[in-house]
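Novice: What follows is a structure written as structure tokens; I'll ask about it next.
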Number of protein chains: 2
Amino acid sequence: MNTTPTSDTIPQNQNKQTTLLKKARDGVSFNIFDMSCVIYGGAHVVRKRRAAFERVETITGTRDTSKLPRSYGNMNREEAYEEGLEWGKAAFEDGINYKHDYFDSITPRYALANANPFGLTMSMFVPTIAFQGTAEQKAKWIPLCESGKINGAYCQTELGHGTFVRGIETTATWDSETDEFVIHSPTLSSTKFWPGAIGFSCTHAVVVARLIVCSKDYGAHLFMVQFRSLEDGTPMPGIELGDVGLKMSYNGTCNGFATFNNVRIPRTDMLMGNSSVSRDGSYQQSPHAKLSYATLVIARTTIIRAVGFQLAQAVTITTRYSTVREQGLGPNGLSSSEMSLMTYKSQHFRILTLIAKAYAILFASWVCDAEYKEFRGKQDKGDHSTLGYTHNMIAGLKAWCTQTAADGAEDARKCCGGQGYLTISGLPEIVAAVTATATFEGENYVLEQQLGRYLFKCIDNLKASKPIDHRLSYLVDGYAFTENGLVMDKDSSCGAQGTEFLQPEVQLSVYRHRALRLILAAYIAVRLSPKGPMKAWNENMMSIVAAARAHTEYVVLLSFMSQVGNAPPSTSSAIKTALTRICSLFALSTIINPQSNNAISFIEDGYLSLAQLNTIRSLVNDLLTELLPDAVGLTDAWDFTDASLCSALGMMDGNVYETIMHWIRQMPINTNAWNKHKGVFQPGWKQWVEPVLRAKL
Amino acid sequence: MNTTPTSDTIPQNQNKQTTLLKKARDGVSFNIFDMSCVIYGGAHVVRKRRAAFERVETITGTRDTSKLPRSYGNMNREEAYEEGLEWGKAAFEDGINYKHDYFDSITPRYALANANPFGLTMSMFVPTIAFQGTAEQKAKWIPLCESGKINGAYCQTELGHGTFVRGIETTATWDSETDEFVIHSPTLSSTKFWPGAIGFSCTHAVVVARLIVCSKDYGAHLFMVQFRSLEDGTPMPGIELGDVGLKMSYNGTCNGFATFNNVRIPRTDMLMGNSSVSRDGSYQQSPHAKLSYATLVIARTTIIRAVGFQLAQAVTITTRYSTVREQGLGPNGLSSSEMSLMTYKSQHFRILTLIAKAYAILFASWVCDAEYKEFRGKQDKGDHSTLGYTHNMIAGLKAWCTQTAADGAEDARKCCGGQGYLTISGLPEIVAAVTATATFEGENYVLEQQLGRYLFKCIDNLKASKPIDHRLSYLVDGYAFTENGLVMDKDSSCGAQGTEFLQPEVQLSVYRHRALRLILAAYIAVRLSPKGPMKAWNENMMSIVAAARAHTEYVVLLSFMSQVGNAPPSTSSAIKTALTRICSLFALSTIINPQSNNAISFIEDGYLSLAQLNTIRSLVNDLLTELLPDAVGLTDAWDFTDASLCSALGMMDGNVYETIMHWIRQMPINTNAWNKHKGVFQPGWKQWVEPVLRAKL
């Protein structure tokens, strides 16, 4: 009872495919439910989550997976948004009614909360008020959100400005006579563009605008603005609202645009927790205005967690399909019968390294959560000392995790061959959803440079004998400062042999060496350049980005190891063995995976020899062999329901071919033609095909 | 006159964005029209193509780019297909009426011909009949196709079998009494699945089925089958036809499924050019049945050319947008005003290396075309000696070019930040179209292993002192056969310094060394393994794939250089300089690009030192600086019309922000709400939002 994953489609008829998947599942070396408990933090959570999914999927009518999912049939822009509203309402109300936060940051289909037209209220609107509002503002607005009386959004990005927040053009000008702010869009490019839910769903939004008091521009601040009438939903006077149209994904919500034509709000609706304007027009800023970074940090932590789940979704589908899809006569074409895709080494390599990356991102997100919690705890006591480390570490992780998940989900899709191209495979939607995260909430190349800048400052501090965050202590090793900058310990090479490469400390030392070398090389190039800081930065930008990524990859590996090492004492040895193996697979395959980003930097200084690389390749091969029987278990453990995967290729029961045909036969383009027009697509045939056949060409 | 690219939207009002793009265009170092002539093979072709695009875009009403393109508004599955029929008819008829083949392999939106419901007739159906039909069959069917009297398709892939053609399950059983073949689908997995145009558009198809004569199974053969009545379009008796539903792209055609319930065709409708069944049931196979590979070779050559154009489309949009998008205060955040994205080195690096890859693919496709032509010429004289080389070289290039273009188009999309996520940016559709090519017409990992197998056979031949194709002569160098296999010249290292790395021969030597080393290492590992051929192949699969890719990358570089070297004497020196620079950029950046596949293998044996790599990085930086003013010219030269790019970010005039807002205001979700419901999305608000706001939660 409750020890196997949920299955909404118990196979009625066994066939070759369902048998293959069952057999693979039976061969898993650990208890799958126990691994789900690791992922979700306990049996209690796993069971409560299952119940929540069951309720929401029941309300939305999606548990019966014999029915073609609506969005795969014939849905246009407006219908996609309507479906998003339906799902969004069910998820929002379930969280309130059953007092859980499972759908606060992620939807029941594992998209980020901003894919839900009600989802920004709890994930962005409330946290922003909590961080930036006064006590009175919190007391006024947060209860309204928690009871669903208003639907909030966060309105920052403009047509002309995204990552560069200082460029925001919308103005909030104080009118001393009426004691109001006048919110205005002075240019076309100042049109608010992209914010989730502002098209047609939200009632209120926190708007980022330049504060202007007595002609002085104080830069970007936050203002509470009512967008729509609570009576009938019409836009408030002076506010134009609309949808930005179809996107690659997230079409269940109405990312929108907004323009303001001299819209007036009371002065007291500026969020004044950290900076304020008083009745006489005097401006005050809190010494800790950087508290505002907290919103970014929490948003990015949420993204990191979400993309781990999205990569896991994609690879769950791929693992199941690869297990049941038989193709070709084995690796060398010499087998007497067709063999499962899972027989082929390239498939092991791709799938298992992707599984390892999903776990790596999951564990990195836990470290982010813990970091964020500690950081907030300190801030509440007035200690802001870890802001730099926390903010920059999470910026780097956001960039690395989102790029890794986006590339990985697409590779998982390609692993399914042509069938992964079908919308009903579920993979195109997952790939499209996850790739959004690489460009929103801070463009990745910008974030990596920001982390690079922070790391350089740490070296500056070391040089000046000032302290740096203790978690960056590895930056101290292996070089010395000289008159011209610093000298690196160039002769260092890795001394490990054979299975020593399976030791965590050896693996860490490889990552640490690379990161340190790249950071120092970029630092020297920038700091010693005679060309001035701007040119020097620009010329070395790719090296700075590479250094920041290498540092982040070291942090990811460290997080993975610490979480595996910190497993509760009750964890079974089978689970521990599996986690240790995927951690090693992650560490070693990243060095030799042809698709790894900048793997050249692990070896270009001779730190690892060709013989050592070949040892690593051989160990990776061994790990793949050991982990292969666990692939289905390692993905089942994420406990995705069939309705949440929404994939004809990835059903729990493996009944791929019957599901594909069963769904396709329900498509309106087919049923309309078959039931009404004897199998002819009437409008197309009459208007376009017949005229070609009958033309005299 | 005719010396600047076509522009359908002459900017009425100059603004910051149009001014920035104009300025960039004015700074290009070469005549852009001349570069178009290089790409298309002469001024005559450029002008004729422009006229063809103008006619087709006029007929389809897409030249007026002030109108929101229909597919970006509110299109569902059926409407997308109808639009595809309209475009398809216009393109097909234009080719026939004006006697050109511009749209035979590619659509006016630069998707492959199989995105056009009429497109397979000339791109697959006719070539298949030409290669596999008898003289009578050619005389009967080809004229019907050329006059549009029938619409043909090619029907091979099944639900259960794609790349592995030998696994095809559909049967064609000879009935000796009636002298007919009975086409039948014996299992669910034998359902024909995926073929383009079979859902609702084609009238006839060449069907791949197992030939069964007197209970003997002769494997896959080709059969002409009428699918639909020419009178009213209804499916022929016993044939069930339908659509596979939405896909990531290609939704303008009806990739379909087909099942056959004992469908009878005359014996003479088997394509009998290479193998035949006579009235008495005797089976004869031509000694040159491998002629059938010709279809694959031509299909893959077409794909290679197409993906070059698709990558060029994506990077054209990105180059224009990056030129006009201003964001941030320069690389180090110290500039006094905002700067264009093109100011940032990471953007130079990404965009210019992608431009270089698009040209690399274009030139590789020319070499494929020439190779194919020569191969066919020889075959017509009964000389099949180059089949192995041609077939395998093109298989490797198909894998490399499609993966490179797919990854590149997605990176180009990400270079546009969040705006690249909008459907109206045109980029999601381009990315989705190009990524299909990585998994169709031969899955890439399978193709690379096939090339690997061929390269191994060449080494076998060398070992046995047998000849190999002269273009593989580099496989002879740098090692010697010994009793245990062979000994590689391990001490080799690259002796080049400084600007010597700009010399083509030096660049080639780096690629050649890597390819040879990887091929030999994989060869030894497989051939000397004690584990038997199947296990040995499987264990070394990733190494075999890496070796094949390295060989192909050498072929790509060689092709690039040979085409740049073979430029006609009339080519201006400015054009030659630009081409030489992008060729060098391609060669050198591939070694040090963090995103390169398996760059580690360039250096893991110590062939290049860290100092040499840093020299290469510095030369790449110099090339980027030299090429930066030409980025707009190098992309303009592909001569894409605004209607074919269909991108609010990538218009010729650079008028990005006005176009975005102009299109978005025309979207039905907005106009319906604004014009009919005072700005409220009525169905959603009433049914889902209001109930949440009014619920007692």
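Novice: Just the residues that are open to solvent by 20 Å² or more (accessible area, probe 1.4 Å), under 24 Å from B:Gly388 (Cβ atoms) and more than 9 Å from every other protein chain (Cβ to nearest Cβ), please, taken from segment B:427-452.
Specialist: Within segment B:427-452, B:Glu441, B:Gln450 meet the criteria.
Novice: OK, next. Out of all the residues in segment A:669-684, which are loosely packed, with under 15 Cβ neighbours inside 10 Å and at the interface with chain B (Cβ under 7 Å from one of its Cβ atoms)?
Specialist: If the condition is that a residue be loosely packed, with under 15 Cβ neighbours inside 10 Å and at the interface with chain B (Cβ under 7 Å from one of its Cβ atoms), then A:Lys678 is the only one that fits.
Novice: When you go through B:Ala406, B:Ala433, B:Ala412 one by one, which is the residue that is at pLDDT 95 or above and over 14 Å from A:Thr435 (Cβ atoms)?
Specialist: None of the others qualify; the one that does is B:Ala433.
Novice: Does segment A:100-111 contain any residue that is assigned to a helix (DSSP H, G or I) and either without any contact (Cβ under 8 Å) to a residue 40 or more places away in the chain or in contact with a Ser or Thr (Cβ under 8 Å, 6 or more places away or on another chain) (or both)?
Specialist: no
Novice: If you don't mind, another one. I need the full set of residues from segment A:394-448 which are within 14 Å of the chain's Cα centre (by Cα), outside any helix (DSSP H, G or I) and not hydroxyl-bearing (Ser, Thr, Tyr), in order please.
Specialist: Listed by number, the residues that qualify are A:Ala438, A:Phe440, A:Glu441, A:Gly442, A:Glu443.
Novice: Another question, then. Please state which one of A:Ala599, A:Ala637, A:Ala587 is farther than 29 Å from A:Asn392 by Cα and of a type outside the set (Val, Ile, Thr).
Specialist: It is A:Ala637.
Novice: Given the structure, is A:Arg320 closer than 22 Å to B:Asn538 by Cα, within 14 Å of chain B (Cβ to nearest Cβ), of a type in the set (D, E, K, R) and assigned to a helix (DSSP H, G or I)?
Specialist: no
Novice: With the requirement that a residue be under 19 Å from A:Ile664 (Cβ atoms), more than 7 Å from chain B (Cβ to nearest Cβ) and part of a helix (DSSP H, G or I), what does segment A:65-84 give you?
Specialist: A:Arg70, A:Ser71, listed by residue number.
Novice: Please go through segment B:146-160 and give me each residue that is in contact with a strand residue (DSSP E or B) (Cβ under 6 Å, 6 or more places away or on another chain) and within 18 Å of B:Arg228 (Cα to Cα), ordered by number.
Specialist: B:Ile150, B:Gly152, B:Ala153, B:Tyr154, B:Cys155, B:Gln156
Novice: Ok, one more. State yes or no: is B:Ala205 crowded, with 21+ Cβ neighbours inside 10 Å and either within 30 Å of B:Asp280 (Cβ to Cβ) or more than 24 Å from the chain's Cα centre (by Cα) (or both)?
Specialist: Judged against the criteria, B:Ala205 is a match.
Novice: Here is a follow-up. Go through segment A:85-105 and give me each residue that's buried (at least 22 other Cβ atoms within 10 Å of the Cβ) and within 9 Å of chain B (Cβ to nearest Cβ).
Specialist: Within segment A:85-105, A:Leu85, A:Gly88, A:Lys89, A:Phe92 meet the criteria.
Novice: Restricting to helices (runs of 4 or more DSSP H) lying wholly in segment A:610-665: which have 3 or more residues that are in the same structural domain as A:Leu311 (by TED's automatic domain parsing) and either within 23 Å of the chain's Cα centre (by Cα) or farther than 28 Å from A:Arg581 by Cα (or both)?
Specialist: The helices (runs of 4 or more DSSP H) meeting that bar are A:631-636, A:642-645, A:656-664.
Novice: Can you confirm whether B:Tyr657 is within 14 Å of chain A (Cβ to nearest Cβ) and buried (at least 20 other Cβ atoms within 10 Å of the Cβ)?
Specialist: yes
Novice: If you take the residues in segment A:216-235 that are in a loop (DSSP other than H, G, I, E, B) and facing chain B (nearest Cβ under 10 Å), which one is surrounded by the most Cβ atoms within 10 Å (Cβ to Cβ)?
Specialist: A:Gly233
Novice: Could you tell me whether segment B:517-529 includes any residue that is in contact (Cβ under 8 Å) with a residue 40 or more places away in the chain, charged (D, E, K, R) and within 8 Å of chain A (Cβ to nearest Cβ)?
Specialist: No, segment B:517-529 contains no residue that is in contact (Cβ under 8 Å) with a residue 40 or more places away in the chain, charged (D, E, K, R) and within 8 Å of chain A (Cβ to nearest Cβ).
Novice: Can you name the residue in segment B:106-138 that is touching a strand residue (DSSP E or B) at 6+ places or on another chain (Cβ under 7 Å) and under 30 Å from B:Leu427 (Cα atoms) and is also surrounded by the fewest Cβ atoms within 10 Å (Cβ to Cβ) among such residues?
Specialist: Here the residue is B:Ile106.
Novice: While we're here: Within segment B:380-410, work out how many residues are more than 10 Å from chain A (Cβ to nearest Cβ), out of contact with any Asp or Glu (no Cβ under 9 Å at 6 or more places or on another chain) and open to solvent by 10 Å² or more (accessible area, probe 1.4 Å).
Specialist: Final tally of qualifying residues: 9.
Novice: Pick out the one residue from B:Ala578, B:Ala599, B:Ala567 that is of a type in the set (Gly, Ala, Ser) and within 14 Å of another protein chain (Cβ to nearest Cβ).
Specialist: Values: B:Ala578 fails: within 14 Å of another protein chain (Cβ to nearest Cβ); B:Ala567 fails: within 14 Å of another protein chain (Cβ to nearest Cβ).
Just one listed residue meets the conditions, B:Ala599.
Novice: Please go through segment B:7-33 and pick out each residue that is touching a Ser or Thr at 6+ places or on another chain (Cβ under 6 Å) and either at pLDDT below 95 or closer than 21 Å to B:Ser573 by Cβ (or both).
Specialist: Result: B:Asp8, B:Thr9, B:Pro11, B:Phe33.
Novice: Just a yes or no: is a residue in segment B:299-316 within 14 Å of chain A (Cβ to nearest Cβ), aromatic (Phe, Trp, Tyr) and surrounded by 21 or more Cβ atoms within 10 Å (Cβ to Cβ)?
Specialist: Looking for residues that are within 14 Å of chain A (Cβ to nearest Cβ), aromatic (Phe, Trp, Tyr) and surrounded by 21 or more Cβ atoms within 10 Å (Cβ to Cβ), one finds none in segment B:299-316, hence no.
The values are calculated or read from the model by the stated rules, or taken from the named source; none is laboratory data. Just so it is clear, the model here is predicted, and its values are computed rather than measured. Glycine gets a Cβ as well: all are built from the backbone with ideal geometry, and neighbour counts include every protein chain shown. For the accessible areas, the whole protein counts, side chains as well, though only heavy atoms, and no ligand, DNA or RNA atoms are used. Shrake-Rupley method; radii C 1.70, N 1.55, O 1.52, S 1.80 Å.
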